[in-house]
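Comments concern the structure below.
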Amino acid sequence: MSNTQFVDEVKRRRTFAIISHPDAGKTTITEKLLLFGNAIQLAGTVKGKKGSRMATSDWMSMEQQRGISITTSVMQFPYHDRVVNLLDTPGHEDFSEDTYRTLTAVDSVLMVIDGAKGVEDRTIKLMDVCRLRDTPIFTFINKMDREVREQIEVLDEIESVLKIQCAPITWPIGMGKNFKGVYNLYTDTIHVYTSGQGHRIPDDIQIKGLESDEAKVVLGDLLDDLIDEIELVKGASHEFDLDAYLAGKLTPVFFGTALANFGVREMLDDFVEWAPAPQPRSTNVEEVDPYSDTFSGFVFKIQANMDPKHRDRIAFMRVCAGKYTKGMKMRHVRIGKDIKISDAVTFLAGDRENVEEAISGDIIGLHNHGTIQIGDTFTVGDHCKYTGIPHFAPELFKRVRLKDPLKLKQLQKGLQQLSEEGATQLFMPLNNNDLILGAVGVLQFEVVAHRLREEYKVECIYEPVNVNTARWVECDDPKKLEEFKRKAADNLSIDGGGFLTYLAPTRVNLSLTEERWPDVRFRTTREH
Ligand code: G4P
């Protein structure tokens, strides 16, 4: 590959994730996107159903017993002349810190909103994470085939709750049983809805011109109202502005129904045009240019191997610059060793294959036998360390107790190692010998108990603990910090990485403490 070819290849990449509240339609829209990418013959293969070929080892089998969907972690597919990398964000019971951290490995995000429900909790949290890097956001408002709310109202809600300007690109014509299609405000085109096409690429029936004769024939009495509504929408919303979108200040909005695969294509066509190609990334030294030909990347997720024959785990690496080629040597910066990688995997259309080449923007999977942690950097040439792949403050906490008190060492080791994989965090209070486990998603506690039993041969019991949230503590003034440590010792812990953490019993307690100690910073994230 010549240098110009390399640059062209990087420019074609679109690496993104979908954020949504459970049941808004993330899985359904993912299936349709793969269908457009010719990645699957028939939509409907994303959810791992019981007994499917994804039946797997250790804790993933537990997820399956519970009927939790296992989605493929990375999906790569071509669309137009682009290469799309879609990173899965665990969503239902499998919601975890991985969901947050995946958002640090993408260049943009697609937000899916249920048109009947509007902005929901999980979306608010995920938006907060996107804000850390001002990630550009596309919006798809789903389920127009149902009785939904007034969509102007939903846009208002997005603007006020999520604090981002909305620029509708398409607008729905009717809803529920009377859903007729979408109108593109910029191309002055009506895309006509025909139901029952969910499992294939739908015909694209277009009518040019809102005021055309054809529009009158197809929409009949609805047309006059639509013309008025479009006037109103244009007046009440923002005009699309590419720079504002790329700066994360404005979101283009599309409407449709993922289930019937309608409106998705219109969104995807603009997405591959407007969404950013791989962006520069910060390190402890300088920003790394994605078009640089010297390889580097970082690990954002570690997952149980999907192949039951191997008990190792897969470390997901975002390539940030240069090119991975099979058999190349790279430096594992944290442990300071050069390693040769010949068996990295890629995720073409959800199938794992050995990868020959991957470039900036792509995700590759490395076999991890315990030496790789979340946040690790791999480089050729200069040995920098990527930043911005943080731990996120957990929201659920439990005290861990042993059934057999003699196994304390194994328990500590197990909890420490599992925390390094990043799904849970371990906290050790300053004032007692408790072990407190924190997680973002509830399933993680069961995963840890299961893995402690299987891999470390320890049985643990969880007990409730009076902790509501955690904040990492920093203070530039050593004297103030000492005083704080003395006065607030009952609520302070050391986390698995050795960092001082404030465990707040309530939100009110946290705000009062923040007020009382203005020189102390209470951070919601901590770098690896
Ligand atoms: P999620 O991944 O965001 O959690 O949502 P998912 O795609 O699983 O969709 C949640 C439910 O909403 C599913 O129904 C799905 O069929 C439905 N759905 C998704 N998009 C649309 C749409 O555009 N219109 C309508 N009417 N429904 C939609 P379910 O019955 O809960 O699951 P399933 O049995 O279909 O898998």
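The values are calculated or read from the model by the stated rules, or taken from the named source; none is laboratory data. Because the structure is predicted, anything quoted here is derived from the model rather than measured. Cβ coordinates were reconstructed from backbone atoms using ideal geometry, including for glycine residues, and neighbour counts include every protein chain displayed. When the accessible area is computed, the model is the full protein with side chains, heavy atoms only, and any ligands, DNA or RNA have been set aside. Shrake-Rupley method; radii C 1.70, N 1.55, O 1.52, S 1.80 Å.
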Helix 478-487 vs. the chain, principal-axis angle (Cα, 0 to 90°, nearest 10): 80 degrees
Residues in segment 78-120 that a label on D23 would reach, taking backbone N under 13 Å of a point 7 Å out along Cα→Cβ: 92-93, 114-118, 120
Stretch gain in nm, segment E356-S2, where the contour uses 0.36 nm per residue and the Cα spacing is subtracted: 125.8 nm
Average Cα contact separation per residue, the chain, under 8 Å, 6 or more apart, as relative contact order %: 14 percent
Shape of segment 351-409, Cα gyration tensor, a/c cut at 1.5: prolate
Within straight-line cross-link reach of K177, lysines at Cα separation under 19 Å, skipping those fewer than 8 residues along the same chain: K117, K143
Extension reserve of the E474-K403 stretch, reckoned as 0.36 nm per residue once the Cα distance is removed: 22.0 nm
Over segment 105-254: Rg over Rh, Cα atoms, Kirkwood Rh: 0.98
Cα-centre dipole for the chain with unit charges at Cβ (Lys and Arg positive, Asp and Glu negative), debye to 20: 2640 debye
Loop trypsin sites (Lys or Arg not before Pro), segment 342-428, which have at most 12 other Cβ atoms in a 10 Å radius of their Cβ (DSSP): K403
Rounded Å value of the spacing that divides the Cα centres of segment 107-126 and segment 173-191: 22 Å
Vicinal HN-Hα couplings computed from phi for segment 178-193 (Karplus, 6.51 cos²θ - 1.76 cosθ + 1.60; Hz; Gly/Pro x): 9, 6, 10, x, 10, 10, 8, 5, 9, 9, 6, 10, 9, 9, 8, 8
Projected label distance in nm at K457 and D228, using a 7 Å step from Cα toward the beta-carbon: 7.7 nm
Degrees between helix 3-12 axis and first principal axis of the chain (Cα, 0 to 90, nearest 10): 80 degrees
Percentage relative contact order, segment 135-185, counting C-alpha pairs under 8 Å, at least six apart: 35 percent
Modelled label reach - N433, point 7 Å along Cα→Cβ, segment 492-521 residues with backbone N closer than 17 Å: 494
J(HN,Hα) series, segment 127-141, from Karplus relation 6.51 cos²θ - 1.76 cosθ + 1.60, nearest Hz, glycine and proline x: 5, 4, 5, 4, 4, 4, 10, 6, 5, x, 10, 8, 10, 10, 9
Cα Rg over Rh - the chain, Kirkwood: 0.99
Sulfur and carbon atoms: percent of accessible area, the chain [1.4 Å]: 48 percent
Per residue, in Å², the accessible surface of the chain once ligands and nucleic acids are set aside, probe 1.4 Å: 43 Å²
Between 0 and 90°, nearest 10: helix 222-236 axis offset from the chain longest Cα axis: 50 degrees
Gain on full stretching of the segment that runs from V442 to N509 - 0.36 nm per residue minus C-alpha separation: 21.8 nm
Inter-site label distance for D490 and R149 at 7 Å from Cα along Cβ, in nm: 4.2 nm
Of all DSSP beta bridges in the chain, antiparallel share, percent nearest 5: 75 percent
Loop-resident sites, segment 223-316, for GluC sites (Glu not before Pro), counting at most 16 other Cβ within 10 Å (DSSP): E239, E286, E287
Span from the segment 246-289 Cα centroid across to the segment 385-441 one, whole angstrom: 35 Å
Other-chain or far-sequence residues with amide H under 5 Å of T469's (modelled H): A504
Cα centre as origin, Lys/Arg/Asp/Glu Cβ charges: segment 223-262 dipole, Debye: 300 debye
Farthest toward positive dipole pole in the chain [+1 Lys/Arg, -1 Asp/Glu at C-beta], among N284, L503, A17: L503
